[in-house]
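Report on the structure given below.
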Amino acid sequence: MTSLAAVNSTTTVTSAFTCVYWNTAGAPTSWTVFPPETSECSTLESAACTPTTVTIGSSSIASTRLTSTGEVPVPESTTTPKPVTSSGISTGAIVGAAVGCAFAGLIFGLAAAWLLLRRRWRKNDTGRPDGVAAIATTPESKDYASVSVTPSGSETQLDQFLLIATPDKEIGTELQSLGDLIHQHVENHYEFGPSPASASILSQSLVNLGFKQGSGLSADALAALCIQPESRQAGLRHVLSHIIFRSIDVNSRSSLSMLPAPLAAFLQSIPPAEQQHTNLQVTSLALSKWRSLSALLLHPNPAERSPLPVSEDVVGPQALALANALNTFLHYFVASDEQTSHLQAVIIECTNLGYVLLSQPSDWQFVFETDGASTRKQPVVVCAGLEKLGHGDGTRYSSPRRVVEPLVISV
């Protein structure tokens, strides 16, 4: 602090005065002090004036107002307090900013971790074979928790719902009963006198029904049998057996089908075996799986594990359509007004066997030809035979196993 050296003043300060002081370097410095509008010293004669600190440049000096006696009192030592530097930001704002930065860092960290994991997932998906995607596992309901269908155990799971195989003997007995039913129908509803139609007309009618050499008899030979009264019964039984049993045979793919309409349409859309450039065993196995699974899916109550039931509301119109198609040939020999309705009933009974065979785990097929070992003059198959083609898993036997031999008579 620089001390005051001299002051020029009077008791009553009424005008400006000049003060002189020596600074620390020893050089005199002066300044002029202007009085206030009303001097405190004019009224307080014996009281000392209040010291005043004046700052010039970077130096601080002490000045006093004079007393009434003109003496200069010793000034009190005063110091200029150093200003407190403040940025203008409160402590709460600083804490809030710190918390916000920490939260933002956490968010950025989580985002970076998610991007890294996503990149790894993409690499794993790229490593899978084409067409194979990752499977998202989700909690299953309690209703399905006990059934776990996996690729490795799918066959085992399906076997629990597929039909339990019907004994071969039971199937054979049913076929023989149907043969007897066809025999009774022919005896009771057709005439056996002279034929009103020529052999050529009858032959063309048989061709229109889809008769081919595969039946064991050509259309011309069969027409000749039906013209003769003594061989007509055998000829008519052969026609009915061939057309009706082919209509329920999965392997025949007949256009006059008594199988469920969706299955019949699909079978007719499959290219013939000679046009397929694939292994015959593979095709047979695929067709066998499709057949058994289709019967399962069409069943109204698959838990029963029973053959696909026949609904007369569904098969009735089909049977009538097949009867009308057969009558384009049979009407030349009809002797009863009830022939059409009875023929429709016979077709429905045969369809029951067709649905049983459709539902079996193994494949079956009808046989319409003899083995050729007969020495008879003219063998005629009047009821089809039946062969079992493979195991319950769809694999084929090395050769078909004959369960029912065709019923053959000679004419």
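The values are calculated or read from the model by the stated rules, or taken from the named source; none is laboratory data. On a predicted model such as this, the values are computed, not experimentally measured, just so you know. So basically every Cβ, Gly included, is an ideal-geometry build from the backbone, and we count neighbours across all protein chains shown.
Structure values in brief
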| read-out | value |
| --- | --- |
| Segment 172-222, subset charged (D, E, K, R) and out of contact with any Leu (no Cβ under 7 Å at 6 or more places or on another chain), residue modelled with the lowest pLDDT | Lys212 |
| Qualifying residue in segment 387-399 (condition: in a loop (DSSP other than H, G, I, E, B) and at pLDDT 90 or above) | no |
| Residue that is surrounded by the fewest Cβ atoms within 10 Å (Cβ to Cβ) [pool: residues in segment 356-374 that are in contact (Cβ under 8 Å) with a residue 60 or more places away in the chain and of a type in the set (Gly, Ala, Ser)] | Ser362 |
| Qualifying residue in segment 329-337 (condition: of a type in the set (Phe, Trp, Tyr) and more than 22 Å from Ile227 (Cα to Cα)) | no |
| Total residues in segment 395-411, condition among the basic types (Lys, Arg) and out of contact with any Gly (no Cβ under 6 Å at 6 or more places or on another chain) | 2 |
| Single residue of segment 317-360 satisfying the filter (of a type in the set (Gly, Ala, Ser) and in contact with a helix residue (DSSP H, G or I) (Cβ under 7 Å, 6 or more places away or on another chain)) that is farthest from Leu296 (Cα to Cα) | Ala335 |
| Extreme residue, surrounded by the most Cβ atoms within 10 Å (Cβ to Cβ), among residues of segment 375-411 that are small (Gly, Ala, Ser) and within 15 Å of Leu217 (Cα to Cα) | Ala384 |
| Residue ranges of helices (runs of 4 or more DSSP H) in segment 171-267 with at least 3 members in contact (Cβ under 8 Å) with a residue 60 or more places away in the chain, assigned by TED's automatic domain parsing to the domain that holds Ser336 and polar (S, T, N, Q) | 229-247 |
| Scope segment 312-355; condition surrounded by 20 or more Cβ atoms within 10 Å (Cβ to Cβ) and not in a helix (DSSP H, G or I); matching residues | Phe333 |
| Single residue of segment 193-223 satisfying the filter (of a type in the set (A, V, I, L, M, F, W, C) and within 15 Å of Ser254 (Cα to Cα)) that is surrounded by the most Cβ atoms within 10 Å (Cβ to Cβ) | Leu206 |
